[in-house]
Amino acid sequence: MKMVMKINGTSALSSNVNRTRDNNGHINGNGHAFKIWEDTDIIGDDHIATNIETPMRADAFLLDDERKVEIIEQHFNKIMNVLGLDLTDDSLKGTPRRVAKMFVNEIFYGLNPENKPSMSVFDNKFKYGQMLVEKNINLNSTCEHHFLPIFGKAHVAYVSSGTVIGLSKINRIVDYFSRRPQVQERLTVQISEELKKVLKTEDVAIIIEAKHMCVSSRGIQDESSTTVTAEYSGIFKNEKTKDEFLTYVGMKL
Ligand SMILES: [Zn+2]
């Protein structure tokens with residue numbers, strides 16, 4: 001299962017409320033459960049994940065990307081106006097469109113299943129039966145509670161069941177699921193589930209260590225803390241295998 005801990009700081013992802021199967025809990029298709037919290041402010045400020053799936057409306061893709069950019073541009077224009085900014089100023093007038101394009105095409109491109117990286121898998125011809133670790137994968141995401149950046153590193157490992165993928169594909173999977181409004185725990189599980197599906201194995205581990213701008217630049221304003229989440233499946237639930245992985249990524253305490 002998953003570990004959540006906080007280094008050098010106040011807990012943003014409090015470990016006692018994460019994915020415990022609970023009578024009041026919501027259970028999703030993958031068998032993960034999250035406790036439902038009544039108070040949405042608590043959910044937002046404590047960064048509690050309520051579901052492993054990114055909550056999307058059924059009509060999410062009725063509008064094409066171009067139309068979405070137009071509408072977001074209009075709304076962002078209004079936000080800037082309400083803040084009292086002068087949108088006739090040369091420096092500001094392009095901002096609403098720039099932000100709208102950035103949302104749709106860059107930082108939230110991973111909302112659209114059409115953008116999921118295509119995965120060609122290969123037979124494991126070398127019969128390499130050991131652990132493969134890809135560490136320090138760059139990660140850029142956005143907190144869904146504050147729309148501020150989450151950035152850090154992901155470390156991924158798997159043991160091939162006979163199927164392998166190109167190494168850069170692991171980075172692409174990490175990036176795709178990161179480019180959504182996210183909570184770190186959900187991101188961790190989504191990447192893990194996708195890798196298990198693509199690699200046709202349960203033997204997958206992932207650790208994410210990231211900084212949340214909403215913790216460092218507002219609220220508690222904790223500059224030094226990072227948040228660590230992990231998901232161990234299959235053989236990685238075995239302490240020895242897990243320790244080997246933690247040693248490779250330099251996180252063995
Ligand atoms: Zn946040």
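The values are calculated or read from the model by the stated rules, or taken from the named source; none is laboratory data. The shown structure was predicted, so the numbers you read here are calculated from the model rather than taken from an experiment. FYI the Cβ positions are ideal-geometry reconstructions off the backbone, even for glycines, and counts take in every protein chain you see. Note: areas computed on protein heavy atoms with side chains; ligands, DNA, RNA excluded. Shrake-Rupley method; radii C 1.70, N 1.55, O 1.52, S 1.80 Å.
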- Item | Amide H within-cut-off set for E144, under 5 Å, with H built and near neighbours excluded | Q182, V183
- Query: Stretch D90-M251 to full length: gain in nm at 0.36 nm per residue minus the Cα-Cα span?
  - Reply: 53.1 nm
- At a Förster radius of 30 Å, what calculated FRET efficiency corresponds to the Cβ-Cβ distance of N140 and K78, to the nearest 0.05? 0.65
- Task: Could you order peptides 94-107, 213-226 by the average number of other Cβ atoms within 10 Å of their residues, highest first?
- Result: 94-107, 213-226
- Task: Can you tell me the order of 179-186, 167-174 when each peptide is scored by its average per-residue count of other Cβ atoms within 10 angstrom, highest first?
- Result: 179-186, 167-174
- Item | 20 Å cut-off, amide nitrogen to a point 7 angstrom out along N124 Cα→Cβ, residues in region 159-179 | 159-171, 173
- Query: Is any residue of region 160-199 close enough, with backbone N under 14 Å, to a label point placed 7 angstrom from the Cα of N115 along the Cα-Cβ axis, and if so, which?
  - Reply: 172-182
- Query: So what is the relative contact order for region 121-184, in percent, with contacts set as C-alpha pairs under 8 Å and at least six apart?
  - Reply: 43
- Message: Sorting check: for 77-83, 131-137, 202-208, which peptide has the highest mean count of neighbouring beta carbons within 10 Å, and how do the rest follow?
- Response: 202-208, 131-137, 77-83
- Over region 45-148, average the accessible area per residue using a 1.4 Å probe and give it in Å², no decimals. 68
- Message: If I compute solvent accessible area with a 1.4 Å probe over the protein chains, what percent of it on region 69-222 is carbon and sulfur?
- Response: 54
- Note on the structure: Heads up, region 123-253 by the C-alpha gyration tensor (a ≥ b ≥ c square roots of eigenvalues; a/c under 1.5 rounded, else a/b over b/c prolate, else oblate) looks prolate
- Report ³J(HN,Hα) in whole Hz for each residue of region 190-196, in order, from the Karplus equation J = 6.51 cos²θ - 1.76 cosθ + 1.60 where θ = phi - 60°; Gly and Pro get x. 4, 5, 4, 4, 5, 5, 4
- Query: Of the cross-linked pairs K196/K242; K169/K237; K196/K237; K135/K169, which ones have a Cα-Cα span greater than 19 Å in the structure shown?
  - Reply: K169/K237
- Message: Need one number: nm distance between label points at N51 and K101, each 7 Å from Cα along Cα→Cβ, rounded to one decimal.
- Response: 3.3
- Task: Only Cα pairs under 8 Å and at least 6 apart count here; give the relative contact order of region 59-121 as a rounded whole percent.
- Result: 36
